[in-house]
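The values are calculated or read from the model by the stated rules, or taken from the named source; none is laboratory data. Here the structure is a predicted model, which is why all the values come from computation and not from measurement. Cβ: placed from backbone, ideal geometry, glycine included. Neighbour counts: every protein chain shown. Surface areas here come from the heavy atoms of the whole protein model, side chains and all, with no ligands, DNA or RNA. Shrake-Rupley method; radii C 1.70, N 1.55, O 1.52, S 1.80 Å.
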Amino acid sequence: VQLQASGGGLVQPGGSLRLSCAASGRIYSRNTMAWYRQASGKEREMVASAHSSGSTNYADSLKGRFTISRENAKNTIHLQMNSLQSEDTAVYYCRIFSWDFDSWGQGTLVTVSS
């Protein structure tokens, strides 16, 4: 299974950005796709996840600003990020996993700076 993330870049504080991640390959239909992020010098943390059933989960600190959505037919997830702050600067990784596979994307850099 391969993942291709896109949408990262430079954005000013208070701005918005939308990340996308598409999975390809042999994918079990019941799976979870998720976004993680890792800031410089910090551990990787879960941002949001979306199961193929429609259920979603968010890091408590990001609820209300970030929204995850997925398109099951395309094995694609999106992360809408609003009211971005400098603390959101990180490399964002997408992940897809199920009972028999677990794959990570290459990461896309999001920089929040004026």
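Taking Rh as the Kirkwood radius computed over C-alpha pairs, what is the Stokes-Einstein D of the chain at 25 °C in a medium of viscosity 0.890 mPa s, expressed in µm² per second?
The calculation lands on 175 µm²/s.
Roughly what would the spin-label model give for Ser6 and Ile27, points 7 Å off Cα along C-beta, in nm?
About 1.5 nm, to one decimal.
Report the paramagnetic label zone for Trp99: residues of segment 32-70 whose backbone N is under 14 Å from a point 7 Å from Cα along the Cα-to-Cβ axis.
Within reach of a label on Trp99, which here means backbone N under 14 Å from a point 7 Å along Cα→Cβ, segment 32-70 contributes 32.
Could you look at the chain and say what percent of its accessible area is carbon and sulfur, using a 1.4 Å probe and all protein chains?
Carbon and sulfur atoms account for 45 percent of the accessible area of the chain.
If you average 1/r over all unlike Cα pairs in segment 26-89 and invert the result, what Kirkwood radius do you get in angstrom? Let's see the in-between values first.
Values: mean 1/r = 0.0789 Å⁻¹.
After inverting the mean inverse Cα-Cα distance, the result is 12.7 Å.
Accessible area per residue for the chain in Å², computed with a 1.4 Å probe and the full protein assembly in place, what is it?
54 Å²
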